[in-house]
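Enquirer: Dropping a structure here in structure tokens format, bear with me for questions.
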Amino acid sequence: MDSNIEKLAEIVRRSKRIVFFGGAGVSTESGIPDFRSVDGLYNQKWDYPPEVILSHSFFIRNTEEFYRFYREKMLCPDAKPNKAHIKLAQLEEEGKLTAVVTQNIDGLHQAAGSRRVYELHGSVLRNYCMKCGKFHDVKKIMDSKGIPLCECGGTIKPDVVLYEEGLDDATLRGSVEAISKADTLIIGGTSLNVYPAAGLVNYFNGDDLVIINLSPTQMDSKAGLLIQGKIGETLSAI
Ligand code: NAD
């Protein structure tokens, strides 16, 4: 076994309260593109950069254009959990992992069986009417054309935190509590560039900080174990 995998296996063996903090890189092995890799959304050609299209003001002013991008790039109905999602769900089942804190909005951790998942940026699977508050599933968005409308005539908005919007208080509190009580924090598949989410890892005060990412992050020098590799392959090897 590769020595980094052995070290990771040993850390997992001795840990009792692992928290996993992840991002878009966790789902690339499920076929969902991330933002900052070479084939990520930032390197594809659109009329506006993704962070502009995915902002609150753009949604309000250009709702139809928002949904054109959103349906094509943010909804991946056929994506299935990969080895990373499955291993993390197993670790929770075994009583080793207390929470997954994710910046992802794809619902794949829950699809793999994870129960305590803090979705910092919401979920594409939930959508609500801005007029009457009724919730709608993702099928309603996929099956509609142009701007999806509620039966009451109101515009439906994804329950996703757009740029310029604040994070949900309860989700933030739960994430901070889990991370600050963790004995091991595994950070994976995130560039740690999106704030305030990325700042949450600073609440970690435990014994072992592990980073598993394809490209370097600003936290690499703080990690006790740094693995530059694919997260699904790495986690499933322990
Ligand atoms: P990011 O695109 O900024 O960074 C992804 C990181 O993951 C990169 O550093 C890349 O090197 C690494 N990576 C890619 N594939 C990997 C793999 N198989 N194994 C290990 N590392 C891998 O993503 P981010 O930090 O999550 O921030 C971007 C924002 O994009 C988040 O707020 C998130 O909400 C949103 N987003 C979500 C999804 C999703 O839900 N699946 C997809 C795209 C973007």
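Enquirer: Just name the residue that is modelled with the highest pLDDT out of those in segment 50-63 that are open to solvent by less than 20 Å² (accessible area, probe 1.4 Å) and within 13 Å of the ligand (Cβ to nearest atom).
Expert: So, considering only residues that are open to solvent by less than 20 Å² (accessible area, probe 1.4 Å) and within 13 Å of the ligand (Cβ to nearest atom), the one modelled with the highest pLDDT is Ser55.
Enquirer: Here is a list: Phe21, Phe66. Which entry is under 23 Å from Met219 (Cβ atoms) and either touching a Lys or Arg at 6+ places or on another chain (Cβ under 7 Å) or surrounded by 14 or more Cβ atoms within 10 Å (Cβ to Cβ) (or both)?
Expert: Among Phe21, Phe66, only Phe21 is under 23 Å from Met219 (Cβ atoms) and either touching a Lys or Arg at 6+ places or on another chain (Cβ under 7 Å) or surrounded by 14 or more Cβ atoms within 10 Å (Cβ to Cβ) (or both).
Enquirer: Restricted to segment 24-49, and to residues that are open to solvent by 60 Å² or more (accessible area, probe 1.4 Å) and within 6 Å of the ligand (Cβ to nearest atom), which residue is modelled with the highest pLDDT?
Expert: Within segment 24-49, the match that is modelled with the highest pLDDT is Glu29.
Enquirer: While we're looking at this one, here's another question. May I ask you to list the residues in segment 69-119 that are surrounded by fewer than 20 Cβ atoms within 10 Å (Cβ to Cβ) and charged (D, E, K, R)?
Expert: Arg71, Glu72, Lys73, Asp78, Lys80, Lys83, Glu93, Glu94, Lys96, Arg115, Arg116
Enquirer: Inside segment 84-118, can you point out the residues that are under 21 Å from Lys73 (Cα atoms) and within 9 Å of the ligand (Cβ to nearest atom)?
Expert: Thr102, Gln103, Asn104, Ile105, Asp106, Gly107, Leu108
Enquirer: Any residue in segment 88-115 that's over 18 Å from Arg13 (Cα atoms): show its pairings with residues that are open to solvent by 40 Å² or more (accessible area, probe 1.4 Å) at Cβ separation under 6 Å, as long as the two are six or more apart or on different chains.
Expert: Val101/Tyr118; Gly107/Leu125; Ala112/Ile86
Enquirer: Output the qualifying pairs, or none if there are none: Cβ atoms under 6 angstrom, residues six or more apart or on different chains, first residue in segment 190-202 and within 18 Å of Asp34 (Cβ to Cβ), second residue within 10 Å of the ligand (Cβ to nearest atom) and among the basic types (Lys, Arg).
Expert: Within 6 Å, the pairs are Ser191/Arg36.
Enquirer: Would you confirm whether or not segment 105-127 contains a residue that is out of contact with any strand residue (DSSP E or B) (no Cβ under 8 Å at 6 or more places or on another chain) and of a type in the set (Asp, Glu)?
Expert: no
Enquirer: Is it the case that some residue within segment 208-223 is of a type in the set (Asp, Glu), surrounded by 18 or more Cβ atoms within 10 Å (Cβ to Cβ) and not assigned by TED's automatic domain parsing to the domain that holds Ser55?
Expert: Looking for residues that are of a type in the set (Asp, Glu), surrounded by 18 or more Cβ atoms within 10 Å (Cβ to Cβ) and not assigned by TED's automatic domain parsing to the domain that holds Ser55, one finds at least one in segment 208-223, hence yes.
Enquirer: Can you tell me which residue in segment 175-188 is nearest to Asp207 (Cα to Cα), limited to those that are touching a residue at least 40 places away in the same chain (Cβ under 8 Å) and open to solvent by 10 Å² or more (accessible area, probe 1.4 Å)?
Expert: Here the answer is Asp183.
Enquirer: Follow-up. Filter segment 120-139 down to the residues that are surrounded by 16 or more Cβ atoms within 10 Å (Cβ to Cβ), out of contact with any Cys (no Cβ under 6 Å at 6 or more places or on another chain) and either more than 19 Å from Leu88 (Cβ to Cβ) or basic (Lys, Arg) (or both) and list them by number.
Expert: Gly122, Val124, Arg126, Asn127, Tyr128, His136, Val138
The values are calculated or read from the model by the stated rules, or taken from the named source; none is laboratory data. These numbers come from a predicted model, not from an experiment. With ideal geometry, Cβ positions are generated from the backbone for all residues, glycine too; neighbour counts draw on all protein chains shown. Surface areas here come from the heavy atoms of the whole protein model, side chains and all, with no ligands, DNA or RNA. Shrake-Rupley method; radii C 1.70, N 1.55, O 1.52, S 1.80 Å.
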